[in-house]
1. Is it the case, given these coordinates, that residue 21 is under 16 Å from the mean Cα position of the chain (by Cα), surrounded by 15 or more Cβ atoms within 10 Å (Cβ to Cβ), farther than 23 Å from residue 118 by Cβ and touching a residue at least 24 places away in the same chain (Cβ under 8 Å)?
2. Based on this model, can you work out whether residue 38 counts as more than 22 Å from residue 133 (Cβ to Cβ) and modelled with pLDDT of 95 or more?
3. Looking at 88, 137 in this structure, which one is assigned to a loop (DSSP other than H, G, I, E, B), modelled with pLDDT of 95 or more and more than 14 Å from the chain's Cα centre (by Cα)?
4. Can you tell me which residue is modelled with the lowest pLDDT among those in the stretch 91-134 that are of a type in the set (A, V, I, L, M) and over 13 Å from the mean Cα position of the chain (by Cα)?
5. Would you point out the residue of the stretch 37-51, among those that are surrounded by 10 or more Cβ atoms within 10 Å (Cβ to Cβ) and in a loop (DSSP other than H, G, I, E, B), that is nearest to the chain's Cα centre (by Cα)?
6. Return only the number of the condition from (1) in contact with a helix residue (DSSP H, G or I) (Cβ under 8 Å, 6 or more places away or on another chain); (2) modelled with pLDDT of 95 or more; (3) in a strand (DSSP E or B) that residue 60 does not satisfy.
7. In the stretch 52-85, what residues are loosely packed, with under 15 Cβ neighbours inside 10 Å, polar (S, T, N, Q) and over 18 Å from the mean Cα position of the chain (by Cα)?
8. Restricting to the stretch 93-128, what's the tally of residues that are hydroxyl-bearing (Ser, Thr, Tyr) and touching a Gly at 6+ places or on another chain (Cβ under 7 Å)?
Amino acid sequence: MSASVAYVQSLHLVATESATAAPTNKLDGISEAPVQFAEDSVDTNYLGSDGWKRNAQTLKSFTIPLSGHLMKGSAPHALLKSSFMTGATVYLLVIEDSAAPTGSQGWRFPVRATSFEEGKSSGDLVTLSCSLAGQGAPVAI
């Protein structure tokens with residue numbers, strides 16, 4: 001076995017679940033977008049156990065911290081900030097292979113921006129940092 005190549009063809013941000021990846025909604029300037037999955041759990045044993053804790057999975061969640069450079073005038077960047085300001089759910093489309101059959105092209109993540117930061121880098125570029133909280137299960141596209 002060999003390690004998997006970390007490759008994403010493009011990122012897109014859309015306002016509706018039915019929207020598809022297009023040049024107009026491409027989220028340019030993003031250099032980092034890891035998907036961090038987590039689970040909640042509950043203890044499953046109390047009295048009469050062997051003294052060791054056991055638990056069961058309950059709800060799953062994910063967060064996606066984005067970072068990169070802000071692209072002024074970009075509709076997807078404006079939608080990202082709007083999601084933070086309004087609390088609206090938006091959809092991050094992670095396209096791994098646009099030529100693949102439907103269901104194998106990538107993932108649609110329903111998300112809500114829970115933080116949004118604009119800054120200035122040493123190279124005089126405006127940086128962007130944002131945290132996206134999952135709003136349901138990711139779907140293969």
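1. yes
2. no
3. On inspection, the qualifying residue turns out to be 88.
4. Filtering first and then ranking leaves 125.
5. The selected residue is 44.
6. Among (1) in contact with a helix residue (DSSP H, G or I) (Cβ under 8 Å, 6 or more places away or on another chain); (2) modelled with pLDDT of 95 or more; (3) in a strand (DSSP E or B), residue 60 violates only (1).
7. Within the stretch 52-85, 55, 57, 58 meet the criteria.
8. Matching residues across the stretch 93-128 total 1.
The values are calculated or read from the model by the stated rules, or taken from the named source; none is laboratory data. Small disclaimer: the values here were computed from a predicted structure and weren't measured. Every residue, glycine as well, gets a Cβ built from its backbone with ideal geometry; the counts of neighbours run over all protein chains shown.
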